[in-house]
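A short write-up of the structure that comes next.
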Protein chains: 2
Amino acid sequence: MQRVLIAGEWIESVHNGNFQATNPATGETLAGIYPISSWTDCDRALDAAHQSLKQMLHQDGEQRALFLEAFAAQIEKNAATLCEAAHKETALPIKPRLADIELPRTISQLRQAAQAARDGSYTQAVIDTKLNIRSCFAAIGPVVVFGPNNFPFAFNGISGGDFAAAIAAGCPVIAKAHPLHPTTSRLLAECAKTAVDQTGMPAATVQMMYHLNSEDGLRLVGDSRVGATAFTGSRTGGMALKHAADIAGKPIYLEMSSLNPIVFLPGALDERCKTLIIETADSGLAGVGQFCTSPNLLFVTEGPSTERFIQGIVDAYRSRASAPLLSFSGRDALHHSAQSLIEAGASVLIGGQLQEQSSGACYCNTVLYVSGKQFIENGKKLQEEAFGNLTTVVRCANDTELLQALASLEGNLTASIYSHSNGSDDALYESASDILRSRCGRLLNDKMPTGVALSPAMNHGGPYPSTGHPGFTSVGIPRSMQRFCTLQCYDNVRAERLPGVLRDLPPHDRIWRYIDGSYVLGNEKN
Amino acid sequence: MQRVLIAGEWIESVHNGNFQATNPATGETLAGIYPISSWTDCDRALDAAHQSLKQMLHQDGEQRALFLEAFAAQIEKNAATLCEAAHKETALPIKPRLADIELPRTISQLRQAAQAARDGSYTQAVIDTKLNIRSCFAAIGPVVVFGPNNFPFAFNGISGGDFAAAIAAGCPVIAKAHPLHPTTSRLLAECAKTAVDQTGMPAATVQMMYHLNSEDGLRLVGDSRVGATAFTGSRTGGMALKHAADIAGKPIYLEMSSLNPIVFLPGALDERCKTLIIETADSGLAGVGQFCTSPNLLFVTEGPSTERFIQGIVDAYRSRASAPLLSFSGRDALHHSAQSLIEAGASVLIGGQLQEQSSGACYCNTVLYVSGKQFIENGKKLQEEAFGNLTTVVRCANDTELLQALASLEGNLTASIYSHSNGSDDALYESASDILRSRCGRLLNDKMPTGVALSPAMNHGGPYPSTGHPGFTSVGIPRSMQRFCTLQCYDNVRAERLPGVLRDLPPHDRIWRYIDGSYVLGNEKN
């Protein structure tokens, strides 16, 4: 019997078919047959979410916080089993990646979200006592989360950042797990269900389906019962969902492709060429290049160290073993993208082919090369994302060409600029950063973009088409919760009818509110 | 010669045709021939805006504040001329409406926006000193503002709330004036140009066209040079623009139709029937019913005072003179909507026809009537907006029917509930407000929704289809500025390269920033 988590129970799925996962390291088909849910499953989940929302609207943040913490504890308790399952389904190493980095990050996100739900400052309460007008952000309604393939815990629809933010904001979540890691998702959903039961949350606070036909996915995001959707994944998938949500007038937040350009100014290469080679290879090959923030474009200009730098990158990519990608289809897609880039004019410095004699989904570490002129002339095609262990060096003849090339970049999540520590690159830095600033969500100096810190100041977002709206972030609590909120104003509403966060006396002393022109913590008088 | 304001000059428009305005009070064609701009005009404006944006990005808020204040002063100086022109083009009375209410409001909005630009708290700077990650909201790029017909000053694309918010956020504005009041718009644009010149702002800080073919309008909002669009107007127009912006991945903020339901609970009618009749008629006929927040649906249940209340509304609508609408086409559209509502089952209590023997665009004050049952059964058709001096009473047999009727409401900007002051309506209030809360942006008690206060706590927004996104407001500074901002993060960026608002030392002592978990004013140490 194939079950999905709907309305608080593992019920039999009314499905359109089923699937099994594959171990990308071995090619072995993994045990566990999982359903491709039909619209009937979606419909049941939507009804249940709608019912649970009503209950959640009358809860306070403390109850959601207790749930998120109980869920975090369950994940912690089941860490070994979870890492084992995720390792089989993704080929990501248990140590350090899954057990020491991603799982702790996931737990940390849930706990940060709990704290945010508890203190309530995310509601951004604004009180105008003179006019008796008050407003705050509140739950937008049931949130559908489409998780990506590349982080089986930290971005999983049933446990990741979007999930945590939506629940903390008071929204029931309907998770669409990624079909590459169904067992991991099932185990996480079991943890979530235990936490729901332990903390007495409404039955459909968390629900999960493993897979959907694309037609049902499109219908889901535009359904009238949905509040909003969060999606992390490919541009093709994201754009189709965006269209379906847009025409229904439903907010959708997308985190799609990003090439994360890195600009190495001449002074930086002269000053610390060797270090930069190691940093670049470490970042570019982290997670086999399957991070949203993986550096896919390396911009350099002609200078005394340019050749040495490029050769160093090539050597580093050659000397490091290539690990299996997340799936065989992902490997094939990467190869296809590499071929497209080559057809668009890129030449191969190393790699560019499937790895022979590997039983796993391995692709040779690949470095491509184009001139700045080529990039300017054929920017669109040369900005096709190649998701995996591939990066492209863009070698510009001079500063002018560099700036022109940067100006042809699409929107990205990140952009990094390395410059000499003594300030000798500063004039060029200024021109480059002016151009990049409007083309990225996060601008870095002397630092690779991988490793998205869990900070309230983080922006894991950026201009279209890296996301669907440049004003939102999917990482960084409480700002990431904003996506799942609607603005609610109370005008002359009688005091006893106001939500707690908008009453004269705050619900507790940890909430920041903006009252008559000043931010006030709890009940302090300014 | 027909001129538009582009790149800092009144240049000859490359136009597709021209038009003249009409005095809706007399039917007289007004002097002044205005161009319907071609794509060439749009293209020039976009290029110029793009250039000016670059300069504006290097300005601080103080410079924008000075411009906004100079503009406000120009409007104040030219108040008499402006009111005269607006009166001719809209038939709105000079006193009190234009001179004593709308013009002061417009000036006040500009000055509030100036203050917000100056203090910079709108950037919502977040600083994580430990990780050296910092983020803030910054100008999204050139903003296109489509102004509506109903507020020739306060919502005009060249002077209204969207304009003020966009400029304050650092975005050049391309205003598309409403073709019903071109001379008013020209006079305002002249004031704006004077202020640009006086304060040395970039030439294309403000630009204006009078009219566009719809094809060019659609192309404009999706152009790559545009940052975002704000639109206030009809659902048909808004939805077409939304579609064009959505497929181009461009943010668009829409304020479309809203029926602003008012629920009169039985106790309220028993307690203060007479007052409520006056309040309702005052609000429903304010601006000849042409406010976004005009109460178009009055819900009552059977009770001892119901008949008296309905009769009172009818008497009030009968006894008050009907003033000219904003245009003859608006009058015809209102008549058409009234007919649609009647076809959908509404009966006429009074009005429902063009006013005879009037040389102006007058429509009889109209009150329609449907039962709660009808509204539940035919809710979609009975929620067609009738923009003008028309309201519909929905008479429900009992509480259950009332709640069902409310549950069939679409998204609205506002919803109001009147209840007995002694608490006797409180049980029903709770059920009704639960339903209405998710269907409106602003919930009111014992108060009509017209008169949208300029408060930081205001929400002039709401769930789709009253707007395109329920998380944004078009009134209420600084929140309304959020629409024209993009989130920009600086990760490990060297101190001297940071924008002023993100440096350790704030640019001045009036800015609120969120630093390491606390809101801090200026340089105070918490």
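The values are calculated or read from the model by the stated rules, or taken from the named source; none is laboratory data. The structure presented is a predicted model; accordingly, all values stated were derived computationally and were not measured. Glycine also receives a Cβ, built like all others from the backbone with ideal geometry; neighbour counts cover every protein chain displayed.
Out of the strands (runs of 3 or more DSSP E) lying entirely within the stretch A:229-333, which hold 1 or more residues that are within 14 Å of chain B (Cβ to nearest Cβ)? Qualifying strands (runs of 3 or more DSSP E): A:252-255, A:262-264. Taken over the stretch B:434-471, the residue count meeting the criterion of being among the hydrophobic types (A, V, I, L, M, F, W, C) and more than 23 Å from B:ALA407 (Cα to Cα) is 5. Being in the same structural domain as B:ALA192 (by TED's automatic domain parsing), free of Cβ contacts under 8 Å to residues at least 60 places away in the same chain and surrounded by fewer than 23 Cβ atoms within 10 Å (Cβ to Cβ) is a property that B:ASP43 has. Of the residues making up the stretch B:508-522, just one is surrounded by 19 or more Cβ atoms within 10 Å (Cβ to Cβ) and either part of a helix (DSSP H, G or I) or away from chain A (no Cβ under 11 Å) (or both), namely B:ILE511. Quick one: would you say B:SER433 is of a type outside the set (Val, Ile, Thr) and closer than 23 Å to A:ASP516 by Cβ? No, not satisfied. In the set (1) more than 7 Å from chain A (Cβ to nearest Cβ); (2) closer than 24 Å to B:ALA268 by Cβ; (3) more than 14 Å from the chain's Cα centre (by Cα), the condition left unmet by B:LEU505 is number (2).
When B:PRO251, B:PRO295 are checked against the criterion of being crowded, with 24+ Cβ neighbours inside 10 Å and more than 24 Å from B:ASP446 (Cα to Cα), B:PRO251 stands alone in meeting it.
Residues are listed down the side, and each one gets a yes or a no for (1) touching a Cys at 6+ places or on another chain (Cβ under 9 Å); (2) more than 21 Å from B:SER257 (Cα to Cα):
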| position | (1), (2) |
| --- | --- |
| B:VAL300 | yes, yes |
| B:PHE309 | yes, yes |
| B:GLY312 | yes, yes |
| B:ASP315 | no, yes |
| B:SER327 | no, no |
| B:HIS336 | no, no |
| B:SER340 | no, no |
| B:SER347 | no, yes |
| B:LEU354 | yes, yes |
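The criterion of being more than 26 Å from the chain's Cα centre (by Cα), surrounded by fewer than 17 Cβ atoms within 10 Å (Cβ to Cβ) and not in a loop (DSSP other than H, G, I, E, B) holds for B:LYS373.
Within the stretch A:381-399, the presence of a residue that is farther than 28 Å from A:GLU102 by Cβ, out of contact with any helix residue (DSSP H, G or I) (no Cβ under 8 Å at 6 or more places or on another chain) and within 11 Å of chain B (Cβ to nearest Cβ) is excluded.
Selection of strands (runs of 3 or more DSSP E) fully inside the stretch A:400-499 by the criterion of at least 2 residues being hydroxyl-bearing (Ser, Thr, Tyr) and more than 7 Å from every other protein chain (Cβ to nearest Cβ) returns A:412-418.
Of all residues in the stretch B:354-380, those being at pLDDT 95 or above and touching a helix residue (DSSP H, G or I) at 6+ places or on another chain (Cβ under 8 Å) number 14. A:VAL226 passes every criterion in (1) over 15 Å from A:SER159 (Cβ atoms); (2) not in a loop (DSSP other than H, G, I, E, B) apart from (2).
Residues are listed down the side, and each one gets a yes or a no for (1) closer than 16 Å to B:ALA85 by Cβ; (2) within 14 Å of another protein chain (Cβ to nearest Cβ); (3) in contact with a helix residue (DSSP H, G or I) (Cβ under 9 Å, 6 or more places away or on another chain):
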residue: B:ASP128; (1), (2), (3): no, yes, no
residue: B:PHE137; (1), (2), (3): no, yes, yes
residue: B:PHE146; (1), (2), (3): no, no, yes
residue: B:ILE174; (1), (2), (3): no, no, yes
residue: B:ALA192; (1), (2), (3): yes, no, yes
residue: B:MET201; (1), (2), (3): no, no, yes
residue: B:MET209; (1), (2), (3): no, no, yes
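Taking the criterion of being touching a strand residue (DSSP E or B) at 6+ places or on another chain (Cβ under 7 Å), under 22 Å from B:VAL475 (Cβ atoms), part of a loop (DSSP other than H, G, I, E, B) and at pLDDT 95 or above, would at least one residue in the stretch B:205-219 satisfy it? Checked against the condition, which is being touching a strand residue (DSSP E or B) at 6+ places or on another chain (Cβ under 7 Å), under 22 Å from B:VAL475 (Cβ atoms), part of a loop (DSSP other than H, G, I, E, B) and at pLDDT 95 or above, the stretch B:205-219 yields no hits at all. Among the residues of the stretch B:291-320, those identified as more than 19 Å from B:ASP425 (Cα to Cα) and touching a Ser or Thr at 6+ places or on another chain (Cβ under 9 Å) are B:PHE291, B:CYS292, B:THR293, B:SER294, B:PRO295, B:ASN296, B:LEU297, B:GLY312, B:ILE313, B:ALA316, B:TYR317. Might you check whether a residue that is surrounded by fewer than 24 Cβ atoms within 10 Å (Cβ to Cβ) and under 23 Å from B:ALA286 (Cβ atoms) occurs anywhere in the stretch B:114-126? No, the stretch B:114-126 contains no residue that is surrounded by fewer than 24 Cβ atoms within 10 Å (Cβ to Cβ) and under 23 Å from B:ALA286 (Cβ atoms). Could you give every pair whose Cβ atoms fall below 7 Å, whose first residue belongs to the stretch B:281-309 and is under 21 Å from B:GLY388 (Cα atoms), and whose second residue is of a type in the set (Lys, Arg), counting only separations of at least 6 or pairs across chains? Correct list of pairs: B:ALA281/B:ARG320; B:LEU285/B:ARG320. Of all residue pairs spaced 6 or more apart or on separate chains, those with beta-carbon atoms under 7 Å, a first member in the stretch B:316-337 that is under 16 Å from B:PRO148 (Cα atoms) and a second member that is of a type in the set (Lys, Arg) are B:LEU325/B:ARG331. Residues in the stretch B:101-125 that are in a helix (DSSP H, G or I), touching a residue at least 60 places away in the same chain (Cβ under 8 Å), within 30 Å of B:LEU220 (Cβ to Cβ) and of a type outside the set (Phe, Trp, Tyr): B:ARG105, B:SER108, B:GLN109, B:GLN112, B:ALA113, B:ALA116, B:THR123.
Look at A:PHE484 and say whether it is touching a residue at least 12 places away in the same chain (Cβ under 8 Å), in contact with a Cys (Cβ under 7 Å, 6 or more places away or on another chain) and of a type outside the set (Lys, Arg).
Criteria met by A:PHE484.
Does at least one position in the stretch B:326-340 carry a residue that is assigned by TED's automatic domain parsing to the domain that holds B:ALA268, crowded, with 19+ Cβ neighbours inside 10 Å and in contact with a Lys or Arg (Cβ under 8 Å, 6 or more places away or on another chain)? Within the stretch B:326-340, not a single residue is assigned by TED's automatic domain parsing to the domain that holds B:ALA268, crowded, with 19+ Cβ neighbours inside 10 Å and in contact with a Lys or Arg (Cβ under 8 Å, 6 or more places away or on another chain).
Taken over the stretch B:425-465, residues that are closer than 30 Å to B:TYR122 by Cα and in contact with a Lys or Arg (Cβ under 9 Å, 6 or more places away or on another chain) amount to 16.
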